[in-house]
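To start, the structure under review is shown below, and the notes come after it.
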Amino acid sequence: MAMNYNSKDEVDGGPPCAPGGTAKSRRPDNTAFKQQRLPAWQPILTAGTVLPTFFIIGLIFIPIGIGIFVTSNNIREIEIDYTGTEPSSPCNKCLSPDVTPCFCTINFTLEKSFEGNVFMYYGLSNFYQNHRRYVKSRDDSQLNGDSSALLNPSKECEPYRRNEDKPIAPCGAIANSMFNDTLELFLIGNDSSPTPITLKKKGIAWWTDKNVKFRNPPGGETLEERFKGTTKPVNWLNPVYMLDSDPDNNGFINEDFIVWMRTAALPTFRKLYRLIERKSDLHPTLPAGRYYLNITYNYPVHSFDGRKRMILSTISWMGGKNPFLGIAYIAIGSISFLLGVVLLVINHKYRNSSNTADITI
Amino acid sequence: MDCSLVRTLVHRYCAGEENWVDSRTIYVGHREPPPGTEAYIPQRYPDNRIVSAKYTFWNFIPKNLFEQFRRIANFYFLIIFLVQLIIDTPTSPVTSGLPLFFVITVTAIKQGYEDWLRHKADNAMNQCPVHFIQHGKLVRKQSRKLRVGDIVMVKENEIFPCDLIFLSSSRGDGTCHVTTASLDGESSHKTHYAVQDTKGFHTEEEIDGLHATVECEQPQPDLYKFVGRINVYNDLNDPVVRPLGSENLLLRGATLKNTEKIFGVAIYTGMETKMALNYQSKSQKRSAVEKSMNVFLIVYLCILISKALINTVLKYVWQSEPFRDEPWYNQKTEAERQRNLFLRAFTDFLAFMVLFNYIIPVSMYVTVEMQKFLGSYFITWDEDMFDEDTGEGPLVNTSDLNEELGQVEYVFTDKTGTLTENNMEFKECCIEGHVYVPHVVCNGQVLPDSSGIDMIDSSPGVSSREREELFFRALCLCHTVQVKDDDDVDGPRMSPGSGKSCVYISSSPDEVALVEGVQRLGFTYLRLKDSYMEILNRDSGIERFELLEILSFDSVRRRMSVIVKSATGEIYLFCKGADSSIFPRVIEGKVDQIRSRVERNAVEGLRTLCVAYKRLIPEEYEGICKLLQATKVALQDREKKLAEAYEQIEKDLILLGATAVEDRLQEKAADTIEALQKAGIKVWVLTGDKMETAAATCYACKLFRRSTQLLELTTKKIEEQSLHDVLFELSKTVLRCSGSLARDNFSGLSADMQDYGLIIDGAALSLIMKPREDGSSSNYRELFLDICRNCSAVLCCRMAPLQKAQIVKLIKLSKEHPITLAIGDGANDVSMILEAHVGIGVIGKEGRQAARNSDYAIPKFKHLKKMLLVHGHFYYIRISELVQYFFYKNVCFIFPQFLYQFFCGFSQQTLYDTAYLTLYNISFTSLPILLYSLMEQHVSIDTLKRDPSLYRDIAKNALLRWRVFIYWTFLGLFDALVFFFGAYFMFENTTVTNNGQIMTTSTHMIFGNWTFGMLVFTVMVFTVTLKLALDTHYWTWINHFVIWGSLLFYIVFSLLWGGIIWPFLNYQRMYYVFIQMLSSGPAWLAVVLLVTVGLLPDVLKKVLCRQLWPTATERVQSPCPTAARRGPHPQEVAFTFWNSEEYATLPPTLGPAQGPLGSSLSRGCPGSGPEMPV
């Protein structure tokens, strides 16, 4: 890459047959660009120009921060750990792998009612969904309904590529380890038997994922036929075409599956499980009161020190509960305001001192 | 570097040649010599094909690849690429393969294109028709078929097809004129002489009958050296042996002029011609910036390796618990499990290396190369550096050193032709103490009164009248001036002769001035014809002298002589040379008067030459003749023998007189030197001239001032005292002064400090440089350097070319390793130009050799000011920002990746998608910095020119010091932490989520790891680009376009990349990730917040530094608030301005230590008037 002019000069020294080349003027063009005199805006960052910026940042950020903070604080959220490692926990019995299926129930109380749409999440910790071996262990072509990939999944899926000489559909570690606890929520009314809360299964995945990225393989009348020649992932109880009874939520386009397939960024994460839709404006979606959570405990996390949680949360215009953003905005706004003040002082002091310095020199 | 020589050698040995011989024997016209002569070893010679192309069609790819991967950086990236291919790494090989492929391809295409051009040029050259003689007939053939020994005919204005021995010409006197413009750029006509015994052969038949052999040395690249001899076999048995020198050699590439045709025999063909041997490129110079860049690279390489090591170790510590290494949900394959632990650890280490390798980006090299290459055009385009008179603009011979122009600490300048115009004018002559001044010349016309001489002294007597005429004759005869007798008017100067115009051409302007001067005094040199020199004397009579010998000038002897025979048969030797080389050889004459006159003239800045003569009796001449003949025939050590012979001949002279020629200062030389000194650059003048002349020039160009105390370290002084004493005394004087200087500076009374100038001559220098027996030579050198350091100006006179280089080397290798610049215009400056860090050639009168060997060539010395103060300054700040910024943005880029490893189980999971990894350096952040590094002007051009002291702000590689580098690195680390943990906290407690109002109703979705990376990446691209925007001080529309354009491009690309299911990819992980992120409110808020936080510290640092510790540059940049406020207090203003005047005249030895607060005041206020852009 040594770009020097040598070679060019040699070439220029070139035409030997034509003696005495025409002496053209080497005078350079007088263009603004070539003379480096293009008109330009020449901003200088001085205390004078920056000071107002600091104050403006302060003035804008602090209100935004307060707004976010208040909004975030208004969000109702409850988190229930049902791992069952504590002996007192009702799910403690489910820790031993022998009990299958294992059911446990956890009671909890909502102090305040949850208004608007409520979201139900499951949360896992110490679960490395972002491990490289795990992240790449999937075949997007297979999930997109490519029939050749269905029967011959990508090598990335190893060691969850084939089982008993049949290709696994969906292949890979992610799919294989899909979360399979079932959570049900009941409101214990004051009087009668507990009322189950309607949990909506659909609308929890990205629209594009469900409609574009994930597709069931073509052909066949029934879903089962379409998946012919494949076998279920080792850890699954049912094959992929039996994930749900609703044909629009079955197979690869099952939303629980799609949500699981979007690997989390951090080892502690939560994933959307169900929606609880607001029924009417008059009644809160989840009124304050006692509830219990029915868990079909299938998913083992004890072996890797993991924890399982169920989270109920309302949302605001800016998403779920997140105090960080609000606090950060307030902090940065204040710092910036403070810096503005400091700069103002320095600017003022410096001017005075510089005057005297000039004269003594 | 000597690749063609090596090639020749290889060729030779491959051809089965056992013994490599020092000389070659050529049978002219392929005729075998008569039997009985010595048997020569037949040698094979290459044909006349010129191959300047490096590659052939077939070997292009392998050879070019080999060449490219020899560069250490390319090799590093190749290794990374191979590692990615071989082992299972987190990023696809595309990420490093694609940029590498891009770089390699672009370079290959560029080199291929250049090579294609070369092939074309080669072909054109090789197929040129050439006339040669075969069997007495003229045959036309292609040039490449020419063989050594062929007899070639060349017509006027044709270029010689190979190196020829000049046999005969159509001119009767056996001479021809040649221009070597394409060889060394000298457009003057040079005369070459045919071999005496063959110059009679004028027709093809005759020349075909020639029976001769030529013996000559093997080809060597020196254009001006050639030794050989020719044996001409007549019918007699004894061959005639004649010496051959460079005057008999016609070089390929030169053009025949003024001669109808010539015959010559080819002796060097093809790649062995001197022109081809001179194709070799000069040694590569590396700039200080490049050196610091390499150091930084090593630092980053260490960081890279330590990061990889840390992560590998942590990975295995973390994995020691089996449930972490292999939890049930994430099993390994069988093959993975069985792999050896150490092998696994090693592959993991490599994988981490690959993951973090972007910290040393390929694109930095490309960008730096592009910046240098494109940036150097600004020099050639600069109109201010274009010289109207000569029609020459600046030339850039290498773009590697642009930024070095901003780092110069020492300027070594030649005097003649560089500081002075080399436009000589004969001022006066002094004959035996009588001074003659020729008439003032007005517009090339002698004023009409005809006496011709103004006698200042009383009129001379009869004998002195004779002496006087002898003196004028001596001046008329003792030279190598040619008369250009055709009516071409493009000649360099018309002599103001009486009606008849003759143009004198010479390689030395002094000689032309002398001959012209003598013409005005009545003696006109007419021409050289058939070895007779004709002179028109005062009485308009023509005198003819037979020219017997010329003892040509060389810079070691510093004199030349001619031996002529007058019409009356007397033989004279006239000798002309520098006083120091003439006086010791004089035995008679009014030495003292002349010496005093010479010294007086020298002090006035005139160039003096002494003229002496001696009368030879025929026997003496015979002896001389034999001596010269013997030495000239010698094949080995001819130079040395000649020098000895000359020494022997030129002695016992009689002094006639002295001449004085004025060499005017170049325009604005003083201004330029003053500016350079204000910029903190030490200017040394190195000249071959005598001390007094040189000192006078130094005074004239303000290198020395009246207040300067001169210290002399000359031969004369050393003769009085020992070198040791002189040195110690000087150092005591100087150091005492500098000690008191420090004190004075402290107490603020520095105005009256002494400023020293040192004068040293060549002899004294060689004494200092000479290693002593006990090996303690360094002692003197150190002492000498100490003295030099404390002198504001140094003048080295009486320097031989090599000594100039020696001085440069001495300073270059002294312990501060200052950056040196050498500027000169003549061949004698080439060695120092090559030696210095930056070599600048002045495209001057003494030919183009200096310009050809330099790194940059400028038409005039005054252009050095803009070259250094403006271009150098700009290039330096541009490239240093470029380098620092590149490292910064890659720290920002890679450090989050490193942090992410702690959260993904050290599994080498990438944070960003492959496309973003690849394109970050190639397209998202590449153009803004490239444009910045081409366009940035932190201060306007005019300010830089007006205020040279700004140059001190960047001295000593100021912007690439460790402190600055560490600041940038920490800024990068800080930003990386902000990006990563900002995103981390956003994600940790759930909920950068999308409430999806836009997409569907009231859904609320979760983001995965790719969105996390996307958020970090988006914040990063914006921060890094805006950081550059904050650093940009010069926003042209191009900057706006590129900066906002690249942000826009990033967004458009991301929309596109995530908007489509890409059929050729086997993963779709980025599908809709960016768009989903954009539809989330908190993500927007986070981006704004994190970008602000990322930029805040840098803005704060900038503002605080500017406010509290402003550099001179920053003071000039900002509108001066003090001056503005002082408006209503005129007294104060006056006081300040007076103060600043003081500063302006202060000598530069104050050094940069005087602090920014001090002197910068004077720069800031007056310069920043209302016209300053704010």
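No lab work stands behind these numbers, since they all come straight from the coordinates. Small disclaimer: the values here were computed from a predicted structure and weren't measured. In this analysis, Cβ positions are derived from the backbone assuming ideal geometry, glycine residues included, and neighbour counts consider all displayed protein chains.
Using 0.36 nm per residue and subtracting the Cα-Cα separation, the extra length available between residue B:465 and residue B:537 on full extension is 24.5 nm.
Sorted fewest first by neighbouring Cβ atoms within 10 angstrom, A:283, B:837, B:434, B:817 come out as A:283, B:817, B:434, B:837.
Entry note, chain A: the mean residue ellipticity at 222 nm calculated from DSSP H runs of n ≥ 4, each adding -39500 (n - 2.57), is -8500 deg cm²/dmol after division by the residues and rounding to the nearest 500. Using R0 = 30 Å, the C-beta based FRET efficiency linking residue A:282 and residue A:184 works out to 0.75. Comparing A:314, A:230, A:53 in a Gaussian network model of chain A, where Cα atoms under 10 Å apart are tied by springs, the biggest mean-square fluctuation is seen for A:53.
Would you mind classifying region B:275-368 by shape? Square roots of the alpha carbon gyration tensor eigenvalues, ordered a ≥ b ≥ c; an a/c under 1.5 is rounded, otherwise it is prolate if a/b is larger than b/c and oblate if not.
On the way: a/c = 4.09, a/b = 2.79, b/c = 1.46.
Judged from the Cα gyration tensor, region B:275-368 comes out prolate (a/c at least 1.5, a/b above b/c).
Across region B:147-154, computed HN-Hα scalar couplings (Karplus, 6.51 cos²θ - 1.76 cosθ + 1.60, θ = phi - 60°) run 10, 4, x, 5, 9, 10, 10, 10 Hz from first to last residue, x flagging Gly and Pro. Partner lysines whose Cα lies under 23 Å from the Cα of residue B:257, excluding those fewer than 8 positions away in the same chain, are identified as A:24, B:141, B:155, B:190, B:199, B:225, B:274, B:484, B:500, B:529, B:845. Seen through its C-alpha gyration tensor, with square-root eigenvalues sorted a ≥ b ≥ c, chain A comes out oblate because a/c lies at 1.5 or above while a/b is not bigger than b/c. Counting neighbouring beta carbons within 10 Å and listing from fewest to most, the residues A:93, B:865 come out as A:93, B:865.
Neighbour counts of C-beta atoms inside 10 Å place B:365, B:1050 in the sequence B:365, B:1050, starting with the fewest. Sorting the segments B:897-909, A:326-338 by their mean number of nearby beta carbons within 10 angstrom, highest to lowest, gives B:897-909, A:326-338.
For a 23 Å ceiling on Cα separation, which of these pairs sit above it: B:307/B:372; B:682/B:866; B:732/B:815; B:576/B:690?
Values: B:307/B:372 32 Å; B:682/B:866 17 Å; B:732/B:815 20 Å; B:576/B:690 15 Å.
Beyond 23 Å between Cα atoms: B:307/B:372.
FRET efficiency for the pair residue B:706 and residue B:43, taken as 1/(1 + (r/R0)^6) with r the Cβ-Cβ distance and R0 = 60 Å, rounds to 0.35. A Förster radius of 41 Å, combined with the Cβ-Cβ distance separating residue A:334 from residue A:294, puts the computed FRET efficiency at roughly 0.30. Each peptide in B:669-678, B:850-859 was scored by the mean count of other Cβ atoms within 10 Å over its residues; highest first, the order is B:850-859, B:669-678.
Arrange the peptides A:201-207, A:171-177, B:626-632 so that the one whose residues have, on average, the most other Cβ atoms within 10 Å appears first. Display every interim value, and only then the final one.
Details: A:201-207: 20.0, A:171-177: 26.0, B:626-632: 15.7.
Going by the mean number of other Cβ atoms within 10 Å, highest first, we get A:171-177, A:201-207, B:626-632.
Extension gain for residue B:346-residue B:1040 works out to 245.2 nm (0.36 nm per residue, less the C-alpha to C-alpha distance).
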